[in-house]
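The values are calculated or read from the model by the stated rules, or taken from the named source; none is laboratory data. On a predicted model such as this, the values are computed, not experimentally measured, just so you know. Here the Cβ positions follow ideal geometry from the backbone for every residue, glycine too, while neighbour counts run over all protein chains shown. Accessible surface is based on the protein model in full, side chains and every heavy atom, while ligands, DNA and RNA are left aside. Shrake-Rupley method; radii C 1.70, N 1.55, O 1.52, S 1.80 Å.
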Amino acid sequence: MNDIVIQNLCKSFGEKKVLNNFNYVFKAGHSSCIMGESGCGKTTLLNIILGLEKLSEGTISGVPDKKSAVFQEDRLSEDFTAYSNVHMVCNKNVSEGGIKLCLSELGLKDSIYTPVRELSGGMKRRVTIARALMADYDLIIMDEPFKGLDEATKSLVIKYINKKTEGKTFIAVTHDEYEAKALHAEVIKMGIEHKTNNPQG
């Protein structure tokens, strides 16, 4: 597993430049949190790393093939159960018991076989996080993963994320300093038309 090295990355949508000469090294096996005001390019950066957006200029290297993600939207199959939503992304070696344990540890023990459409927003968010964590990945990216969670539930989820992502490259977007600290993450602060030089990480 390699560091993810971003050099002189620029991204424009038409006349609007969202990222301007962004340089950073996301260290392999470490946690990083991106913070910044709305519109500074945080989600765009994540989408470029995931290969969902093309960069306009610059280079990015070291992105592993095996990736998992939590997007701002839950993107769940509403008619499927919580269990089924997680099961669909798992390798064959992941057991039913393993999925049930994951959902239980995220506080969803009584909702494992409940259709997602019947769950609250916070419960859906936890199913989304469970699905990402149970996939096979070397890099996991989460875009504002804790929205809709109360403080007690957030603490529970963060502890589980820390356990499951140990040794993996983890990148998250958050607006909360507490979340970054609880995730033991290095903080990257971005601004509008962000320009930073951090070739060494």
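Could you check what % of the DSSP bridge pairs in the chain are antiparallel, to the nearest 5? Could you put the intermediate results ahead of the total?
Working: 12 of 32 bridges.
Here the antiparallel bridges make up roughly 40 percent for the chain.
Using all C-alpha to C-alpha distances in the chain, build P(r) with 10 Å bins and read off the rounded percent in each one.
Cα pair-distance distribution for the chain, in percent: 9, 36, 34, 18, 4, 0.
For an R0 of 45 angstrom, estimate the FRET efficiency from the Cβ-Cβ distance between LYS16 and GLU96 and round to the nearest 0.05. Write down the numbers at each step before the final one.
Details: r = 47 Å, r/R0 = 1.05.
After rounding to 0.05, the efficiency reads 0.45.
Could you tell me which helices of the chain pass both thresholds, a Cα extent of 18 Å or more along their own axis and a mean Kyte-Doolittle hydropathy of at least -1.0, with helices taken as whole DSSP H runs? Intermediate values should be presented prior to the final figure.
Numbers: long enough: 121-134 (20 Å, 0.07); 151-164 (20 Å, -0.47).
Span-like helices here: 121-134, 151-164.
In nm, give the distance between the simple-model label positions of LYS66 and ASN2, each being 7 Å from the Cα along the Cα-to-Cβ direction.
Here the modelled spin labels are 1.8 nm apart.
Taking 7 Å along the Cα-to-C-beta vector as the label spot, tell me the LYS147-PHE80 distance in nanometres, rounded to one decimal.
Calculated label separation equals 2.2 nm.
What is the sum of charges, Lys and Arg at +1 and Asp and Glu at -1, for the other residues whose Cβ falls under 11 Å from the Cβ of ASP138? Numbers along the way, then the final one.
Working: positive: LYS66, LYS67, LYS168; negative: ASP65, ASP136.
For residues surrounding ASP138, the net value is +1.
Shape of the stretch 1-117 from its Cα gyration tensor (a ≥ b ≥ c, root eigenvalues): rounded if a/c is under 1.5, otherwise prolate when a/b > b/c, or oblate? All intermediate terms of the calculation are to be shown ahead of the outcome.
On the way: a/c = 2.74, a/b = 1.97, b/c = 1.40.
Verdict is prolate for the stretch 1-117.
Per residue of the chain, what 222 nm ellipticity follows from adding -39500 (n - 2.57) for every DSSP H run with n ≥ 4, rounded to the nearest 500?
On the way: 6 runs with 59 residues, N = 201.
Mean residue ellipticity, 222 nm, calculated: -8500 deg cm²/dmol.
Leaving out ligands, DNA and RNA, and with a 1.4 Å probe, what % of the accessible surface on the chain is carbon or sulfur? The partial results should precede the final answer.
Working: 4460 of 9760 Å².
Its accessible area is 46 percent carbon and sulfur atoms.
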